[in-house]
Every structure is written in C-alpha cells, then in structure tokens.
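Structure incoming, see below.
The values are calculated or read from the model by the stated rules, or taken from the named source; none is laboratory data. Computed from a predicted structure; not experimentally measured. As a convention, Cβ positions derive from the backbone with ideal geometry for all residues, glycine included, and neighbour counts pool all protein chains shown. The protein model used for the area step is the full one, side chains on, heavy atoms only, and it has no ligands, DNA or RNA in it. Shrake-Rupley method; radii C 1.70, N 1.55, O 1.52, S 1.80 Å.
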Amino acid sequence: ELGQTLESMVQTLRDQLPATRSGGRGWIPPGTHPDPRPPDQADVVVVGGGVVGWSVAYWLKVLEGRWWQHGMRVLVVERDPTYSRASTVLSVGGIRQQFSLRENIQMSRFSASFLRDINEHLGVPNEPPIDIQFQPSGYLFLASPQNAAALEATVQLQRDEGAQVTLLSPTQLKAKFPWINTEDVAVASYGLEDEGWFDPWTLLNAFRRKATSMGVLSCSGEVRAFVTSANHTMPPAPASARIKYVHIHMPDSLEYQPVACAIVVNAAGAWAGKLLEADGLPRGLCHPRLPIQPRKRYVFSWHCPHGPGLSCPFLIDTSGAYFRRDGIAGNYLGGMSPPQVSMRGSSKIIHPPLFCIKLPQFILFQEEEPDPSDLSVDHDFFQEQIWPRLARRVPAFESLRVRGAWAGYYDYNTFDQNGVLGPHPRLENLFLAAGFSGHGLQHAPATGRAVAELLIKGRYESLDLRRLGWDRLVDGKPLEEHSVV
C-alpha cells in the first residue's frame, strides 16, 4: 500500500513537468530553448555558458545599438546545462580589489560598481529583483618579512588605481583581530570597501535571464569540431584562416549540428585550451598553444563555535591557506592551492603561491596537482596540509569540526595565471576570454564588456586590456599576477 502511494506521488510529479517536443516529460534548464537543436546560423557563437560566456552575450546585446540593424544573433553553447561541474557555481564567490596587476585592479573596480547596481543592469521587467546576497568583508593578506616589501608596493599600486586598502602592522593587526597569531607576520593589507563574497549561482542566472530576455539564444551541446577557410586549401598552408562553421554535438547522441557563424568566442573556461585542439582547426595556425588547463581545487567547510566570529575577513595566510566566514553560526569555508616547491641540491623549500620570491638559482616546480578527471575530494589534503596552517594562524581552529567539502575547477593559465583576452593571432574571427586562474567570476562583468567592445567597435573603450592579449604568449613575456589565491 505504501509502495502504491509513493508510485502515485512520483507519477503526479512527472505529470507536472513540462512536455518536451517528443511528447515526453522532462526538465528544461531555465534560459534554454525547448528545442534542443541549435539554429543553423548565428552571428556570434559563444562557446561556454558560464558567467563569463553569458556576460559576453549580455554585453553584445547592450552594445549592438545601431551597428546591427536587425539585431545581432548570439548563441551560447553549454555542454553541462545542470552546471554540476561548472567553475562558476563551485567557487567561493569572492570579489577583491587587491591584485598586483593594474588591469586586474581596474576590472575589479568596474565589477564592484556593476554588482552594486546589478538590478539596473540585469533586472528584467516583471521579474523579482536580483539579490546576490553580497556579504561585505575586506580581504586580509598577510605577508612574511621577506615578502613585506612586495606587498607594500602592491598596495601602493592599488591605491593609485583608487582602491581603498590599508596596511596594518602586527600590533595593529592584533588589535583589530585579537584571534590572529601574528607570529612571522611583518605586515598585512586589508580592503576597506568593494570586497567580500556573494552567491555565484545567482549572478550566473541573472546574466543568463537578462541576456535571454534581450534575444540571446542558447543550447545544450559540446563544440567538438570546426570548419575553417583553410580546410580545403592546397599547399602552401595559409598564414591565417577564418572559422566558417562550428559543429555542436547533441547531448547523449551521435548527432551534431553545423552552425554557420561570423565570430566565435572561446569562453570555455578550464577547457578553453582543449577547445583549440578540436578537429578541423589547422594545427599550424594554433601556435602558440593556449596554455590553459583544468586545475582541481578543494573547498572545505568546517564549524568552530569559538572561532573568529562575525569579525572574520577573507584571510589569506602567509602559507597560502585561506578561509572566510560562512554565515553567522560559527561556520567557515577555506582551502589552499598546492604550494610551489623549490629544490636546490637535497634541500626542499616550500613557498606560498602569494608574493613568492623567485630566485634564479632555484628550480621551481609545482607539487603534484590533483587529478582533474573527476571532482572527488582528497580529505587527507585538509588534515595534512590545510588544518595545521589554519590552527597555527588561528589557535581556536585547533578544535574545528569538518562539515563537508567539494571540488571545482580553475581555468589555470600555466603561463602567467592571467586571463587571455582578445583575437587569436591566426584564426581571424576567434576571440578568447579564458584563463583567469581563479578570478574569472569576479571579473566577468568587466570581461564581457571588454570582449563585446572588441567585437562591435574594434577596440577597447572602457578599459585598456591590450596587455592581456595573445601578444605576450607569442613573445614569451609573461604578465604575472602575484596575488593568486
């Protein structure tokens, strides 16, 4: 009798799901057209439906104006419509002004302004107002004596760009945050405004909902191949080519749909590098290779009733470990990127990834990265690597209790840990917006606007981000960001 009741309830729920075109029942992700097939043609195909991809699509519609008499046809392609493996929704949702690169500071300042007035930008008539649940809280960077000068110079750059950041001596640090152990801390920097954290899923949905209301199309599928103008040319190989079609493979099917396009935007995040290895792209035109790889990063959640409490900032330790408050009930989130290791002879020295001093007599390499083939969590990493660092900096964390954990992906730029923006040097109608190495979410509003300006107006107008282009990859000159968390 109980079984019959449960079966009846299940059937009732199924009947309430919207019907698919085949007559069956199924859930359709918000913002996705009921027809799973993409259109035959689009002016711009954005590969990647994360927050960066949807930001690009939104800004294209904002800026198209009189340039496109009948409206630009923009298609966003996302291979995971559930977003269960998406970097956007698996991040800790931070935004900060404290970067060491001028362009990143400028992008953060714009994004903070955009998020402050988000309903003016992304609000949809007759829809509920957007609440990204922003929690204002400064980032607190701690520096050891050997890295103090680098941090102080970085803070001066941030102030020059208009960011409100203060320096704290160990005495001032202890007075403001009595729960911190200030041993080995020479100086700290603390953000006074436009820093904190928010709900990434809400921001993604806001961009998607607004762009869809403006006419942006979307579909579920994976771009696995291209057709270019060089595919059927005779030797010698051309010096450049244009993408004419993208092949979008349907989910759970061998079928694919060719889509004719004028422009392609690679916003595929952690898989942006792999996308440029797809079938149909001339290998000789894809050099230098795009140095973007998926890097798995763990986020752990714990409870500590006697921890820092409401005064807890987003703290980045000298060791590279980080944590922030999660709500108001004594819960916290944190993690750590694998530290760099220097080897000289038989000695082994571990450096944090922040403000790391690189000496030529050392050979630097990265400790073994977690296997990115799945999102399983190595709980021993917390016990052996993170917890000792946390307890040393915050003695109250000696008695913490782990509540849970998850893993997500960084679209890690192995060249210099910075985003790659702008046109490809040899594929004339391919544009890049990927490789942000952990700060793509917070820079998404600025990234989308910058790429849209390039596509529509042929140049950057709001922020000069030319240094983030492909030239530095071609020239082998990294544009390093030292404040990678």
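Please work out, to two decimal places, the log10 of the ratio I(q)/I(0) at q = 0.11, 0.16 Å⁻¹ from a Debye calculation in which every Cα of the stretch 232-322 carries one identical scatterer.
Each listed q maps to, in turn, -0.59, -0.85.
Taking a 1.4 Å probe, which of ASP194, ASP380, ASP184 shows the most accessible area, and what order do the others take after it?
From most exposed to least exposed: ASP380, ASP184, ASP194.
Would you grab the residues whose amide H sits under 5 Å from the one on GLY280? Only those 5+ places off in sequence or on another chain, please, with H modelled 1.01 Å from N.
Amide H to amide H, under 5 Å and 5 or more residues apart or across chains, GLY280 pairs with PHE226.
Output the relative contact order of the chain, whole-number percent, from Cα pairs under 8 angstrom with separation of 6+ residues.
Once normalised by length, the contact order is 20 percent.
Additional query: Please work out the average accessible area per residue across the chain, using the 1.4 Å probe convention, and give it in Å².
Dividing the accessible area of the chain by its residue count gives 45 Å².
Amide H to amide H under 5 Å from GLY422: which residues, 5+ apart in sequence or cross-chain, H placed 1.01 Å off N in plane?
LEU432
Kindly provide the Kirkwood hydrodynamic radius of the stretch 266-307 in Å, to one decimal, from all pairs of distinct alpha carbon atoms.
After inverting the mean inverse Cα-Cα distance, the result is 13.2 Å.
Using a 1.4 Å probe, how large is the accessible area of MET72, given in Å² and rounded to the nearest 10?
10 Å²
Of the heavy-atom accessible surface of the chain (probe 1.4 angstrom), what whole percent is carbon and sulfur?
Taking all protein chains in place, the chain shows 52 percent carbon and sulfur surface.
What number comes out for the charge environment of PRO282, summing +1 per Lys or Arg and -1 per Asp or Glu over other residues with Cβ under 14 Å away?
+2
Additional query: Counting only helical runs of four or more DSSP H residues, what would the 222 nm mean residue ellipticity of the chain come to if each run contributes -39,500 (n - 2.57) and the total is spread over all its residues?
Mean residue ellipticity, 222 nm, calculated: -7000 deg cm²/dmol.
Tell me the net charge near GLN41. Cut-off is 14 Å between Cβ atoms, GLN41 excluded, with +1 for each Lys or Arg and -1 for each Asp or Glu.
+1
Now, a different point. Three principal axis extents, largest first, for the C-alpha atoms of the stretch 405-447, in Å?
43, 23, 16
Next question. Apply the Karplus parameterisation 6.51 cos²θ - 1.76 cosθ + 1.60, with θ equal to phi minus 60°, to every residue of the stretch 210-216 and state each ³J(HN,Hα) to the nearest whole Hz, in sequence, with x for glycine and proline.
Whole-Hz 3J(HN,Hα) from phi for the stretch 210-216: 5, 4, 5, 5, 8, x, 5.
Also, I was wondering about something else. Specify which labelled value, from (i) 189; (ii) 266; (iii) 159, agrees with volume of the Cα convex hull per residue in Å³ derived from the coordinates of the model shown.
Answer label, from the structure shown: (i).
Compare the peptides 412-421, 432-441, 292-301, 462-471 by average per-residue count of other Cβ atoms within 10 angstrom and give them in order, highest first.
432-441, 412-421, 292-301, 462-471
What's the angle, to the nearest 10 degrees (0 to 90), between helix 51-64's Cα axis and the longest principal axis of the chain?
Result, in degrees: 60.
If you plug each phi of the stretch 322-333 into the Karplus form 6.51 cos²θ - 1.76 cosθ + 1.60 with θ = phi - 60°, what whole-Hz ³J(HN,Hα) values come out, in order, with x for Gly and Pro?
9, 7, 8, 5, 10, x, 10, 10, x, 9, 9, 10
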